[in-house]
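Data first, discussion second: the structure below is written as structure tokens.
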Amino acid sequence: MSDTSKPERFRTLLILGAPGSGKGTQGKVLGSIPRFHHLACGDVFRSLDTRTTLGQKFVQYSSRGELVPDDVTVELWRENIQHRVDSHMFKPEIDFLVLDGIPRNVEQAKLMEKDIEVLKVFHLSCPDRTELARRLRKRALKDNRFDDANEAVIQQRFATYEAETKPILDYYAGDRVVPIDASQAPAKVLYDILAGVMTLEAWKELEKMKI
Ligand code: ADP
């Protein structure tokens, strides 16, 4: 980030973790800090009009705890992020893109290679599935999330995470992947994520810039 010219690919930080691990919470906080732009794929899906074909598809898959097919997901994501660039909400030349919920499997990661340069993958790890399920049930009541309300769907979402999303960690193997204990208090999780960000060359260059 030595100048303010547009990078070829978005400089990206991924937040990865099982449902309930706190991806959305951390993404939202990070996104409220200048020079970080947060996009949660689940929020993009939830904002769709459920009368549209894609909106229907989302309800159909998410209510079973399954992933929406890759091609439509990545296409929807591309349209959404392009809109954010065009409207200057996200400024790729000076902002980090913080993605949560996408890519959600290796195929999506491959499809997105040409769009994003993944600088870090923060793996919010919490092996205690009982704790995660507790958080999801709490969220279901507060945020009206139909996919978190049913025990069988919650278990299916964990299974989908293990089978499809976790292999992403091997795809991006190396020092890019930062394991973070997601059972800690949210402020401590944020602290660990920021510590990881601050080791980045791109961060050090951004820090020197007067914007
Ligand atoms: P959580 O934060 O609990 O993991 P999300 O809000 O990210 O859940 O996603 C809710 C649902 O939306 C998923 O279970 C899935 O059906 C759908 N979805 C979200 N992101 C993707 C994606 N990248 N690919 C396919 N389906 C997705």
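In region 112-128, which residue that is out of contact with any Ser or Thr (no Cβ under 7 Å at 6 or more places or on another chain) and surrounded by fewer than 18 Cβ atoms within 10 Å (Cβ to Cβ) is nearest to A159 (Cα to Cα)? Quick ask: steps written out before the conclusion?
Just the residues of region 112-128 that are out of contact with any Ser or Thr (no Cβ under 7 Å at 6 or more places or on another chain), to begin with: 112-115, 120-123, 125, 127.
Still in the list and also surrounded by fewer than 18 Cβ atoms within 10 Å (Cβ to Cβ): 113-115, 125, 127.
Details: E113: 25, K114: 29, D115: 28, S125: 15, P127: 13 Å.
Within region 112-128, the match that is nearest to A159 (Cα to Cα) is P127.
Let me confirm something: among K188, K110, which residue is within 16 Å of the ligand (Cβ to nearest atom), assigned to a helix (DSSP H, G or I) and either at pLDDT 95 or above or within 15 Å of the chain's Cα centre (by Cα) (or both)?
Details: K188 fails: within 16 Å of the ligand (Cβ to nearest atom).
Going through K188, K110 in turn, just one is within 16 Å of the ligand (Cβ to nearest atom), assigned to a helix (DSSP H, G or I) and either at pLDDT 95 or above or within 15 Å of the chain's Cα centre (by Cα) (or both): K110.
Just checking, which of G65, G27, G31 is modelled with pLDDT under 95 and either more than 15 Å from the chain's Cα centre (by Cα) or not charged (D, E, K, R) (or both)?
Working: G27 fails: modelled with pLDDT under 95; G31 fails: modelled with pLDDT under 95.
Answer to the check: G65.
Just checking, how many residues over region 133-167 are within 9 Å of the ligand (Cβ to nearest atom) and without any contact (Cβ under 8 Å) to a residue 12 or more places away in the chain?
1
What about A40, is it of a type in the set (A, V, I, L, M, F, W, C), touching a residue at least 24 places away in the same chain (Cβ under 8 Å) and in contact with a Cys (Cβ under 8 Å, 6 or more places away or on another chain)? Steps first, answer last, please.
Values: of a type in the set (A, V, I, L, M, F, W, C): yes; touching a residue at least 24 places away in the same chain (Cβ under 8 Å): yes; in contact with a Cys (Cβ under 8 Å, 6 or more places away or on another chain): no.
It is false that A40 is of a type in the set (A, V, I, L, M, F, W, C), touching a residue at least 24 places away in the same chain (Cβ under 8 Å) and in contact with a Cys (Cβ under 8 Å, 6 or more places away or on another chain).
Counting only residues that are of a type in the set (S, T, N, Q), give me the helices (runs of 4 or more DSSP H) lying completely in region 132-177 with at least 3 of them. If you could, list the steps in order and put the result at the bottom.
Numbers: elements: 146-149, 151-160, 168-171.
Filter on region 132-177 gives 151-160.
Does region 153-211 hold any residues that are under 18 Å from T130 (Cα atoms), loosely packed, with under 14 Cβ neighbours inside 10 Å and charged (D, E, K, R), and which are they?
Within region 153-211, E162, D181 qualify.
Can you run down the residue pairs with Cβ atoms below 9 Å, 6 or more apart or on separate chains, where the first is in region 100-129 and on the phi > 0 side of the Ramachandran plot and the partner is of a type outside the set (A, V, I, L, M) and assigned to a helix (DSSP H, G or I)?
If the second residue must be of a type outside the set (A, V, I, L, M) and assigned to a helix (DSSP H, G or I), the pairs left are G101/K23; G101/G24; G101/G27; G101/C41; G101/G42; G101/D43; G101/F45.
The values are calculated or read from the model by the stated rules, or taken from the named source; none is laboratory data. Only a predicted model underlies this, so the values are computations on that prediction, with no experimental measurement involved. When we count neighbours, we look across all protein chains shown, and the Cβ atoms used for this are built from the backbone with ideal geometry, even at glycine.
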